[in-house]
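Just below is one structure, and these are the notes that go with it.
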Amino acid sequence: MKIILLGPPGAGKGTQADRLKEYLSVPKLSTGDMLRAAVAEGSEIGQKADKIMRTGGLVSDDIMVAMIADRIQKPDCAKGFILDGFPRTIGQAQALDQMFEKLHIGIDHVIEIKVNDAALVERISNRFSCSKCGAGYNHKSKPTKVKGACDTCGSSEFSQRADDRAETVAARLEQYNQQTAPLLPYYSKRGTLHSVDGMQPIDTVTSEITDLFKVAA
């Protein structure tokens, strides 16, 4: 089963990818992990990427696609893979399609985890964690049992990630809507796109995604 996961930051792609990895017994491929692995291996692609990143540059789409091509030909991808975090633009999708065609690989499902932007900003911006033990909370959906005290270690020191602040989340969503959302009609025309409501409970989202595979079977 070969899958591409799409969705804005905070939609839960990582969580669902981890669950699908176990359900389907195929690897989850994130571009960040692949870059780090390629650099650590010292492969030709890894050396090129490392040189670019050391100078503060962005790794080109050509290198990213070549890296993905190399990765999906490894034995553990024989039964399929879950591609999380790529493509992000129409250009990347087109380059990916060309590579898949050369390798005679077809994508079975492109799954969009759909969210309500305003609700997602509220959900993420209410997240905070214990500065001491890292336990995670949410002011609205998962507050501490005792106000001002961590349930796990009792610490009164809490923090919020910069990425979780409302203005940061809104900016990242805007970038997604401008650059990545156009991929939805692109894959819809190919008949591979499925949308799942990511605002539902995590277990429900997982169930709806796995139901797609049962229908396909």
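The numbers here are math on the coordinates, done by the rules we state, and not lab data. What you are looking at is a predicted structure, and each value in this text was computed from that prediction instead of being measured. Here the Cβ is made from the backbone with ideal geometry for all residues, glycine too, and neighbour counts use every protein chain on show.
So which of LYS51/LYS102; LYS74/LYS102; LYS28/LYS51; LYS2/LYS48 end up more than 22 Å apart by C-alpha?
LYS51/LYS102; LYS28/LYS51; LYS2/LYS48
Please rank CYS77, CYS133, fewest neighbouring Cβ atoms within 10 Å first, as an exposure proxy.
CYS133, CYS77
Quick check on the range 122-168: take the gyration tensor over C-alpha atoms, sort the square-rooted eigenvalues as a ≥ b ≥ c, and tell me if it's rounded (a/c under 1.5), prolate or oblate. Mind showing how you got there, number by number?
On the way: a/c = 2.76, a/b = 1.61, b/c = 1.72.
Oblate shape, in that a/c is at least 1.5 and b/c is the bigger or equal ratio.
Taking all pairs of distinct Cα atoms, average 1/r, flip it, and tell me the Kirkwood hydrodynamic radius of the range 103-193 in Å to one decimal place.
About 15.8 Å, per the Kirkwood formula over Cα pairs.
How many angstrom lie between the C-alpha centres of the range 13-87 and the range 119-143?
29 Å
Taking a cut-off of 23 Å, what percent of all Cα-Cα pairs in the range 1-114 are separated by more than that?
Percentage above 23 Å: 28.
Please give the helix 13-24 orientation as an angle from the longest Cα principal axis of the chain, in degrees from 0 to 90, rounded to the nearest 10.
Tilt of helix 13-24: around 60 degrees.
Using only the Cα atoms, what convex hull volume per residue in Å³ does the range 164-217 have?
In the range 164-217, the Cα convex hull volume per residue is 84 Å³.
Show that you can apply the helix-only estimate: for the chain, add -39,500 (n - 2.57) for every DSSP H stretch of four or more residues, divide by all residues, and state [θ] at 222 nm to the nearest 500. Write down the numbers at each step before the final one.
Working: 9 runs with 103 residues, N = 217.
Dividing the helical sum by the residues of the chain leaves -14500 deg cm²/dmol.
Whole percent per 10 Å bin, from 0 to the bin with the longest distance: what is P(r) over all C-alpha pairs of the chain?
7, 28, 33, 23, 8, 1
In the chain, which cysteines lack any other cysteine Cβ under 4.7 Å from their own?
Lone cysteines by the Cβ rule: CYS77.
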